[in-house]
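Report on the structure given below.
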Amino acid sequence: MSEGDLCYEVLPQRTLGSLVLPREVEDACKELIEEQQQIRLLRGHNLEPRHRVLLTGPSGNGKSAFAEALATELMLPLLVARYEAVAADYWGETAARLARLFHAVQARQAVLLLDNWGSGAGWDSGGGSPLLRVDTVPSHVVVVVATNRPGLLSGSVWRRFQLRFHLPPPTPEQTEAWFEERLGVKVGLSELAKTEGLASFADLEALVVDVRRRDVLVPANLGLDALVAERIDRWLRRRHLGVTS
């Protein structure tokens with residue numbers, strides 16, 4: 001399999017400043033960026049920059065966005081592993097495919113994202129893990145592995161990642177700041193309490209776009225404050241009924 005069979009390239013657009021991250025995660029990410037930008041200086045002192053990152057946390061809370069922002073800040077291409085091409089029914093075959101992927105990308109300076117790790121068969125087993133080969137990747141390739149099932153990863157896999165970040169769902173304070181920053185609206189406490197049903201930053205982002213869309217189409221019908229409240233209620237009703245669009 002060639003590199004193109006195993007991964008595809010994405011033009012990164014998100015920035016680190018566009019994400020809502022725990023302070024310690026943001027600070028560590030900035031250090032990683034600095035180390036990668038100063039790779040020649042570090043190598044001149046027989047040192048290598050950190051480049052293996054493990055992201056955990058529920059879906060929709062910025063794991064893939066983190067990898068994209070990292071690529072943007074480093075001005076590098078973002079390579080996304082093709083899940084269907086790498087995952088196999090048995091971990092040994094997955095390991096062989098993953099080794100081919102790591103070999104294919106090692107000639108490039110890039111950010112490599114392996115998303116949804118552990119969501120299917122063949123990722124880990126009692127005999128080992130395909131991720132044990134991640135330390136064969138040279139330090140000019142930043143490998144970001146994202147999973148919402150961290151319990152499937154053994155201690156030997158965890159130790160191979162120099163940086164391990166947990167990206168949690170939004171807190172009420174972050175939700176309030178999200179609406180205020182993106183819409184200029186201070187959401188009332190009663191409405192903010194309802195947003196506990198919005199379980200991720202992806203939900204919040206989709207809701208903000210929904211509000212903006214309705215504000216463009218029917219600007220005279222509701223004030224922006226009332227529109228936000230109305231769309232939160234509607235959004236939660238849809239979620240309760242299983243409607244996502």
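Details
- Residue pairs meeting the criteria (Cβ under 8 Å; at least 6 apart or on separate chains; first over 25 Å from Thr72 (Cβ atoms), in segment 144-169; second of a type in the set (Lys, Arg) and open to solvent by 40 Å² or more (accessible area, probe 1.4 Å)): Trp158/Arg164
- The criterion of at least 1 residues that are acidic (Asp, Glu) and at pLDDT 80 or above is met, among helices (runs of 4 or more DSSP H) falling completely within segment 154-245, by 172-183, 201-217, 224-241.
- Residues located in segment 151-168, provided they are open to solvent by less than 50 Å² (accessible area, probe 1.4 Å) and under 17 Å from the mean Cα position of the chain (by Cα): Phe161, Leu163, Phe165, Leu167, Pro168
- Matching entry among Gly92, Gly60 (being outside any helix (DSSP H, G or I), modelled with pLDDT under 95 and not β-branched (Val, Ile, Thr)): Gly60
- Positions within segment 29-57 being assigned to a helix (DSSP H, G or I) and either in contact with a Phe, Trp or Tyr (Cβ under 9 Å, 6 or more places away or on another chain) or at pLDDT below 95 (or both), in sequence order: Cys29
- Answer from Phe66, Phe102 - the residue that is over 30 Å from Ser200 (Cα atoms) and surrounded by 18 or more Cβ atoms within 10 Å (Cβ to Cβ): Phe102
- Ala71 vs. criteria hydrophobic (A, V, I, L, M, F, W, C) and closer than 18 Å to Val137 by Cβ: yes
The values are calculated or read from the model by the stated rules, or taken from the named source; none is laboratory data. Bear in mind the structure is a predicted one, so any value in this text is a computation, not a measurement. Neighbour counts are summed over all protein chains in view; Cβ atoms, including those assigned to glycine, are modelled from backbone coordinates with ideal geometry. We work out accessible area using only protein heavy atoms, side chains counted, and drop any ligands, DNA or RNA first. Shrake-Rupley method; radii C 1.70, N 1.55, O 1.52, S 1.80 Å.
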